[in-house]
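These notes are about the structure you will find just below.
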Amino acid sequence: MAIRMAIDERWNRLGDFAGFLNLDGIEFREYQYNIIKEILKCGNTLVVLPTGLGKTFIGAALIADALARGKKAMLLAPTKPLAEQHYSTISKLLKLYEGELFLLIGSSKKKERQEKENNAKVIVATPQTVANDLKAGLLSLNGFDLVVIDECHKAVGKYAYTYVANEAFLKGIPLVGLTASPGGDKEKIKRLVDTLNIKHIEARVSTDADVSAYVMPKYMHIIMVDLSDRIKQMSGLLLPPMNEFMQNLNRMGLSPFKSAANVPKGRLIQLGKEIEKIQAKNYKFSAIMNYVKLLNLSHMYDLLQCEGMYPFMSYINSLENREKKSRSVEQLFKNSNVIAAKNLGLDAMKAGEEHPKVIAVLDTLRKVPGKSAIVFVQYRSTIKMLNEYLNNNGFRAMPFVGKTDGVTQAQQKQVIEDFRARKFDVLVASSIGEEGLDIPNVDVVIFYEPIPNEIRNIQRRGRTGRFRPGDVYILAARDTKDQAYLYISSRKERKMFEIIKKMNQDMARERSIENRLSDGQKTLEL
């Protein structure tokens, strides 16, 4: 017989809709209660909460409120695995009869799907499927009074979230966005706020008074490594031709940079977009020739300095083995410095030399024997190399990559299940491991390289320290772009919360003005 656990009576302070929630044994958390009450008071809300602190429960409570008012509700998640995870959680949290909860991920036939959509009181779905069914007339938003959007930082541009959010707005349906990070760029956050018609922001960090008691400590470690003499020698060979092509563009008035070593990748990509707009054919041709050489060399340089010999040589091989090579690539591989760097790379591979970060990963994992770990890696060639090194050195490791690498969702799920069952201890993951999949909590997270993206940083760190203390190790090669990215990611994260705080203050003032105007109008009517 199942043991019935006590319900914390404090949840009843939420109101009558608490009766629609299965609260048996659910720990009362002040911050969740506070956030739910503020959303019910303020309307469309952006919730920014660290990973693992129960954003789904907040969504479920808001859905319960809609149900108590005789309305329907929807919870959207960006991927099928995450939608399935939410469906499982919602089915446990809400008191619903069979058929009242429907998982809409596009796998059922249209007629059957339409019937289930119309009968359901709560729909858990991917935004793409909802958008398609709305456009096809299979689904109507009539009767809905809430749309909860998980990982809502994706609700920008042409993503399906944007379409669904706009349709909900036109119907006057309240929207609540959930995320661990909306981004560190003011304009991006503003677009997100506008897309979801946000009127209020509820943001928490791990040190906030009503949160800190529920947060397990995460211990941060920065591991600096020095480049090997061979990598320094090879880098020194690549830098002169890089600077030559950069200076050519500089003389053409297309780039403010004279040295190519520390130019951010985003700025190089932007430079390419500017060159594409040039109308004069000869001028444009010359610019493209220099730009393509610079771009390829810059990528080689970064791979060599921040990733390793194998990723460096893999990229060179991919360029050389193209069926149709551009003139700029052909000229590049006739450059004496590039030839010399390539030959040194071949010698290093034969000698079994790799980036010092590889040794740092091995040493870090040896210090935590028997613990589960995720190593996050930027490039698939690095994943392959590192996974082989780990297995050859006594670790049980598995690569974890996305559909673009030919891996199906069924295969991804199997890897996760094997990881959960501890059939192996180390998951060597691409960005696919950052969000959207039900990856179990781990003891250790290792960043093979720093990334200048606050959203991805927060998502990666969130894979540890959920139910027990965790450790996060960030590897960085000294005197490379790694060091700049360490600073950038930290600065962006601080800036994000400053932007959110300022926006929320502005929204509060706007609500106050609207309330005073409304009270004044009521007085006049009296």
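Rule-based calculations on the coordinates, nothing more; no lab input. These figures come from a predicted structure and were not determined experimentally. We place every Cβ from the backbone using ideal geometry, glycine too, and count neighbours over all the protein chains shown.
Below is a table of values for the structure above.
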read-out: Local electrostatic count, LYS284, Cβ distance below 10 Å [Lys/Arg +1, Asp/Glu -1]; value: +1
read-out: Alpha-carbon Debye profile of the stretch 215-265, log10 I(q)/I(0) at 0.14, 0.25, 0.31 Å⁻¹; value: -0.56, -0.95, -1.12
read-out: Percent of Cα pairs exceeding the 16 Å cut-off, where the set is the stretch 229-351; value: 60 percent
read-out: Shape box of the chain [Cα atoms, principal axes, largest first, Å]; value: 83, 61, 49
read-out: Proximal lysines to LYS188, defined as alpha-carbon separation beneath 24 angstrom and excluding residues fewer than eight positions away on the same chain; value: LYS55, LYS154, LYS158, LYS199, LYS265, LYS273, LYS492, LYS495, LYS501, LYS502
read-out: Helix 55-68 vs. the chain, principal-axis angle (Cα, 0 to 90°, nearest 10); value: 30 degrees
read-out: Rounded if a/c under 1.5, otherwise prolate or oblate - the stretch 79-121, Cα gyration tensor axes; value: oblate
read-out: Kirkwood Rh in Å, taken over the stretch 9-214 so that all alpha-carbon pairs contribute; value: 17.1 Å
read-out: Using alpha-carbon coordinates, inclination of helix 481-525 to the longest axis of the chain, degrees; value: 30 degrees
read-out: The stretch 1-73 shape via C-alpha gyration tensor axes, a/c threshold 1.5; value: oblate
read-out: Only Lys, Arg (+1) and Asp, Glu (-1) charged, at Cβ; the chain dipole about Cα centre in debye; value: 1020 debye
read-out: Computed helical MRE - 222 nm, the chain, DSSP H runs ≥ 4 contributing -39500 (n - 2.57), nearest 500; value: -16500 deg cm²/dmol
read-out: Förster-model FRET efficiency, 25 Å R0, TYR219 and GLN270, C-beta, rounded to 0.05; value: 0.10
